Amino acid sequence: MTRIIIVEDDYRIASIHEKFIKKMSNVTVVGKALTGKEAISLVESNDVDLVILDLYLPDMLGTEIIEHLRTLNNNIDFVIISAATEKDIVGQILRNGVFDYIIKPVNMERFIDTINRYKKMKQNFDADDSVDQAFLDHYFGYKKETSLPNKQTPKGIDPLTLDKVKEIITQLKEGITAEEMGIQIGASRTTARRYLEYLISVGEISAELEYGAVGRPERRYYVK
């Protein structure tokens, strides 16, 4: 479970970010802070993996908060969501080693993609006692150019979206419905089902009927 705190002085924006997180699996918001002081208190009293941080707070700058929180927990990570675009500020933040920097306003798909990438990175990092070059290349965004042609996909199946669907479902032992996948990728239930059914057709995943308390049974998709 990835434990997150949201540090944002606008409670409405903080609530929107919390709603995004609640749509995801294996993540939880352990607290929200309107000030740097409240953020410090939350980290002192909770086990926190990731801080969603605005840079401009009433009592402290984001750079100060990062420095202070890392003295409390040197394993803590940061995703910046801020309106700050000044090169000196952004440069200072990037040199602090944050996981991602998103300029406000953030849309749900961009937000969820960042948290999913963070979850996968942390899962891979924690899995072994050492890291290999492939992990570091992926973390730092290195992609080797290749002259090999891309595998063709049917009309209506975008390769990038398909990769995202595959990445999400491989992390979910409990499976996922088309509606849940649609939320994860920022698409409609129908679109998500099209990608999931395609993966069934090529033998990468399977599906089972799930019977709820009311309504029609729904297909839940699983990695084989």
I'd like to check something: does the stretch 26-34 contain any residue that is more than 14 Å from ILE5 (Cβ to Cβ) and either within 20 Å of the chain's Cα centre (by Cα) or not hydroxyl-bearing (Ser, Thr, Tyr) (or both)? yes
What is the number of the single condition among (1) surrounded by 15 or more Cβ atoms within 10 Å (Cβ to Cβ); (2) modelled with pLDDT under 95; (3) in a helix (DSSP H, G or I) that GLN123 does not meet? (1)
State which residue pairs qualify: first residue not assigned by TED's automatic domain parsing to the domain that holds ASP100 and among the polar types (S, T, N, Q) and inside the stretch 137-153, second residue modelled with pLDDT of 80 or more and surrounded by 10 or more Cβ atoms within 10 Å (Cβ to Cβ) in any location, beta carbons under 6 Å apart, and separation of 6 or more residues or different chains. THR153/PRO159
Within the stretch 1-25, track down each residue that is in a loop (DSSP other than H, G, I, E, B) and either within 12 Å of the chain's Cα centre (by Cα) or surrounded by fewer than 19 Cβ atoms within 10 Å (Cβ to Cβ) (or both). MET1, ASP9, ASP10, LYS23, MET24, SER25
Taking only the stretch 197-213 into account, find how many residues are farther than 23 Å from GLN152 by Cα, touching a residue at least 12 places away in the same chain (Cβ under 8 Å) and either in a loop (DSSP other than H, G, I, E, B) or charged (D, E, K, R) (or both). 2
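Every residue, every condition in (1) within 11 Å of the chain's Cα centre (by Cα); (2) over 16 Å from VAL51 (Cα atoms), yes or no:
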site	(1), (2)
ALA84	no, yes
LYS87	no, yes
GLN92	no, yes
ASN96	no, no
MET108	yes, yes
PHE111	yes, no
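Quick one: in the stretch 62-95, of everything that is of a type in the set (A, V, I, L, M, F, W, C) and free of Cβ contacts under 8 Å to residues at least 12 places away in the same chain, which residue is farthest from LYS122 (Cα to Cα)?
Filtering the stretch 62-95 for residues that are of a type in the set (A, V, I, L, M, F, W, C) and free of Cβ contacts under 8 Å to residues at least 12 places away in the same chain, the one farthest from LYS122 (Cα to Cα) comes out as VAL90.
Listed here are the residues, each with its yes/no results for (1) assigned by TED's automatic domain parsing to the domain that holds GLN171; (2) surrounded by 13 or more Cβ atoms within 10 Å (Cβ to Cβ); (3) modelled with pLDDT of 95 or more; (4) not in a strand (DSSP E or B).
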{"site": "LYS37", "(1), (2), (3), (4)": "no, yes, yes, yes"}
{"site": "THR85", "(1), (2), (3), (4)": "no, no, no, yes"}
{"site": "VAL90", "(1), (2), (3), (4)": "no, yes, no, yes"}
{"site": "VAL106", "(1), (2), (3), (4)": "no, yes, no, yes"}
Which is more than 24 Å from ASN124 (Cβ to Cβ), more than 18 Å from the chain's Cα centre (by Cα) and not in a helix (DSSP H, G or I), of ARG194, ARG216? ARG216
Quick check on my filter: what residues within the stretch 166-224 are touching a strand residue (DSSP E or B) at 6+ places or on another chain (Cβ under 7 Å), surrounded by 14 or more Cβ atoms within 10 Å (Cβ to Cβ) and among the basic types (Lys, Arg)? ARG219, ARG220
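The values are calculated or read from the model by the stated rules, or taken from the named source; none is laboratory data. All of these numbers come straight from a predicted model, not from anything done at the bench. Every residue, glycine as well, gets a Cβ built from its backbone with ideal geometry; the counts of neighbours run over all protein chains shown.
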